[in-house]
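Colleague: Take this structure first; my questions come after.
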Amino acid sequence: MLRFLVRRSLGAMVILLIISAVTFFLFYAVPRDPAMLACGKNCTPDALEVIRKNMGIDEPIPMQYWHFMIGIFAGRTFAQGACPAPCFGYSFANSDPVWDTILDRFPTTVSLTVGGAIVFLVIGLGAGMIAAWKRGTFADKLFSTGSLVLSSMQIYFVGPLVMALLVFNLGLLDQPSYVPLSEDPAGWFMGLLIPWMVIQIIFTANYTRLSRSSMIEQLAEDHVRTARAKGMSGKFVFFRYAWRGSLIPIVTIFGVDLGSLLGGAMITEWTFSLPGLGKLAVDSVANTDLPMVMGVMLFSATFIILFNVIVDAAYAFIDPRVRLA
Amino acid sequence: MTSPSQAAIAGAETPGPDGAGLNSEPVDGDKAATDQLGRSPGQLMWMRFKRDRTGVISAFVVLIMFAIAALAPVISWLYGKDPWTRYGQIRPGLLNDNAYPVKPNGGMDSEFWFGLEPGLGRDVLTQLVYGMRTSLSLAVVITILSVVLAIVIGVAGGYLGGKPDYFLGRLTDLMMSFPNQLFFVAFTPVIGALLVSPQDEMPTWLRACVLIFVMWLLGWMTLARLLRGQVLTLREREFIEAAKVAGTPPWRIIRKELLPNLVTPILVQSTYMLPNFVTGVAGLSFLGVGMQGSTPDWGRMFATGAEVYQSDITYMIFPGVAMVIFIVAFNLLGDSVRDAFDPKSGR
């Protein structure tokens, strides 16, 4: 187990290193001078030079990359002052420290992800199980068709529709917004209710389909049939035997989804103007804010890779037949 | 799923990915056996597909959508409008002072069937058909390129094995770890800026190429992995061994023995890929990094729609419903194609 974790972590490091290098070099290949943008209209060459130095972009690009990577682990000193250990530099757009901004935006993304995940897990797994339980009946067809149609909806279409209906026509809810959970739990819940309902549509259908098929597969397994033949009740067998087995493929998909969601749900956050990582990324791309884009990119990639490792490790716990090599 | 009895009748000797493939067709009893004698796998697939009513209907819907997109100029000519003229601005009485259509339901009437775009006052119907043309052609090109790259990488990895396989596998892993939406949003402007200096307007075809390139880079991995797995098992099968022993050159083995057996996964997977690329391209346009300027685009209609939905929800309904119909039909078609190629896999 330990060997597996060490090996996978090393692999993850290499991948992150490559991603950071690709992002960094591609961005600096752009013939747009961020210092020129920051300098404004009445720019003198001297002022430009000072700004370049402040931004840390007066050195050759490989050196800049080196300093950037060192900064993440050991911190570095900018003209604005010292930047402690996980230092991703300062935003070109507004000179805020990148790491603080990311930490500031992250709770929004986490709230959106966790709430949305609860909604799509409950609806998706529930519908899938009922469909498998009542296989071939009307309920099965209803859930299968429903999930197909739902999964074909797009957030950028459903989001405004739901908002128009619930907020502007019926006036049931306020416009989505983010209030920290610690400050106002009720406001947090009400503010994120619409985004949760909307973000689940792209995921629920997947989980319905997957849990239905893997449940049907499990119900046909020998050990389930044996348990039933011994005289155990149908419900008990369904939940204790078949359900547990059917979770294995779902855990994989869930890990992947969670990892990518935590890196920022761009379209959802953009649709509802929620200040999360995804919106931060879109905004910084629009502003050519390189340090911010780098920060968000590495942060998101870390989550995706981290959850891949977690999923593989979790396999061994759920299914003892799996040996980690 | 195959029940044991079915498998016995079919006499499927080797369970493996290719059990689903083309050269070991299952035969459901004696009558069917005589029925299907002397038919090519393609004909068998077509026979099964024709019997699937959902599949045929969804195939029709998909074809109609593609036809509408391809015939956009003809439709525009018959209908007498184009997607560029700002009717609402040239003709008084169509838009009110806030630039919203005067008539209810987004200005729908006998002249502008789907209404007018708030703000610029362009015709919605022609915008939609031209926008579909843009999005669908982008998606088709991306799908073809991704499938080709996936075949090259998947078959090379699976067939060569050893070091090449290891490196191609790591490359696939690496590409899969990129946060893909973020990658698209971040790199589309970057690659654009590399090619055209920021002062100049980027030509439409170049922007389309950039979009295609970026989506292509992260579009091939799933299929490549699938094909590699298939090739790994196919490689051990007797007919490949026989071809090798007979001294067939590798290139010919890949072309004549391997590829025909990979048609099923390729076709099935690409019917799932294409709608994903359609929504992906539309998502990019929604976030403001897709097609720009006066090029009509399906995705940008959502971006406009999201700005005006509080006053005029109708504008968004047509592109939205069209997209839902397209994706539903395409997904159903994908399921039917899979069932037709591979009748043993239950739903």
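The values are calculated or read from the model by the stated rules, or taken from the named source; none is laboratory data. Small disclaimer: the values here were computed from a predicted structure and weren't measured. Please note: Cβ atoms are built from the backbone with ideal geometry, for glycine as well, and neighbour counts cover all protein chains shown.
Colleague: Kindly indicate whether B:Val263 is assigned to a helix (DSSP H, G or I), β-branched (Val, Ile, Thr) and at pLDDT 90 or above.
Modeller: Working: assigned to a helix (DSSP H, G or I): yes; β-branched (Val, Ile, Thr): yes; at pLDDT 90 or above: no.
So B:Val263 does not fit the description; no.
Colleague: If a residue counts only when it is at pLDDT below 85 and of a type in the set (A, V, I, L, M), which helices (runs of 4 or more DSSP H) contained entirely in the stretch B:31-89 have at least 2 such residues? Spell out how you get there, then give the answer.
Modeller: Numbers: elements: B:41-51, B:53-70, B:72-79.
The helices (runs of 4 or more DSSP H) meeting that bar are B:41-51.
Colleague: If you don't mind, another one. Taking the stretch A:124-177 only, how many residues are in a loop (DSSP other than H, G, I, E, B) and either closer than 30 Å to B:Tyr309 by Cβ or not hydroxyl-bearing (Ser, Thr, Tyr) (or both)?
Modeller: Summing the residues that are in a loop (DSSP other than H, G, I, E, B) and either closer than 30 Å to B:Tyr309 by Cβ or not hydroxyl-bearing (Ser, Thr, Tyr) (or both) in the stretch A:124-177 gives 14.
Colleague: Right, next: Any chance you could count how many residues in the stretch A:280-316 are buried (at least 24 other Cβ atoms within 10 Å of the Cβ), within 11 Å of chain B (Cβ to nearest Cβ), in contact with a Gly (Cβ under 6 Å, 6 or more places away or on another chain) and not small (Gly, Ala, Ser)?
Modeller: Residues flagged as buried (at least 24 other Cβ atoms within 10 Å of the Cβ), within 11 Å of chain B (Cβ to nearest Cβ), in contact with a Gly (Cβ under 6 Å, 6 or more places away or on another chain) and not small (Gly, Ala, Ser) within the stretch A:280-316 amount to 1.
Colleague: May I pose another question? Just the residues that are of a type outside the set (A, V, I, L, M) and outside any helix (DSSP H, G or I), please, taken from the stretch B:234-249.
Modeller: Within the stretch B:234-249, B:Glu236, B:Arg237, B:Gly247, B:Thr248, B:Pro249 qualify.
Colleague: Which condition number does A:Tyr156 fail, the rest of (1) of a type in the set (Phe, Trp, Tyr); (2) in contact with a helix residue (DSSP H, G or I) (Cβ under 9 Å, 6 or more places away or on another chain); (3) more than 11 Å from chain B (Cβ to nearest Cβ) being met?
Modeller: Looking at each condition in turn, A:Tyr156 falls short on (3).
Colleague: Would the stretch B:113-130 turn up any residue that is among the hydrophobic types (A, V, I, L, M, F, W, C) and over 24 Å from B:Gly293 (Cβ atoms)?
Modeller: yes
Colleague: Tally the residues that are more than 33 Å from the chain's Cα centre (by Cα) and in contact (Cβ under 8 Å) with a residue 40 or more places away in the chain, restricting the search to the stretch B:74-106.
Modeller: Residues in the stretch B:74-106 being more than 33 Å from the chain's Cα centre (by Cα) and in contact (Cβ under 8 Å) with a residue 40 or more places away in the chain: 3 in total.
Colleague: Additional query: Picking from B:Arg207, B:Arg133, B:Arg122, which residue would you name as being of a type in the set (D, E, K, R) and either surrounded by fewer than 16 Cβ atoms within 10 Å (Cβ to Cβ) or at pLDDT 90 or above (or both)?
Modeller: Checking each option against the conditions leaves just B:Arg133.
Colleague: Which condition number in (1) among the β-branched types (Val, Ile, Thr); (2) crowded, with 20+ Cβ neighbours inside 10 Å; (3) at pLDDT 85 or above is the one that A:Ile202 fails?
Modeller: (3)
Colleague: When only residues in the stretch B:291-328 that are among the charged types (D, E, K, R) and within 11 Å of chain A (Cβ to nearest Cβ) count, which is nearest to B:Met132 (Cα to Cα)?
Modeller: Restricting to residues being among the charged types (D, E, K, R) and within 11 Å of chain A (Cβ to nearest Cβ), the top hit is B:Arg300.
Colleague: Would you point out the residue of the stretch B:264-284, among those that are among the small types (Gly, Ala, Ser) and within 14 Å of another protein chain (Cβ to nearest Cβ), that is nearest to B:Ile212 (Cα to Cα)?
Modeller: Applying the filter and picking the extreme gives B:Gly280.
Colleague: Hey, B:Asp200 hits all of (1) farther than 23 Å from B:Ile142 by Cβ; (2) more than 14 Å from chain A (Cβ to nearest Cβ); (3) not in a helix (DSSP H, G or I) but one; which does it fall short on?
Modeller: Status for B:Asp200: all satisfied but (2).
Colleague: Within the stretch A:163-178, can one find any residue that is over 23 Å from B:Met316 (Cβ atoms) and in the same structural domain as A:Thr113 (by the TED database)?
Modeller: For the stretch A:163-178, residues over 23 Å from B:Met316 (Cβ atoms) and in the same structural domain as A:Thr113 (by the TED database): present.
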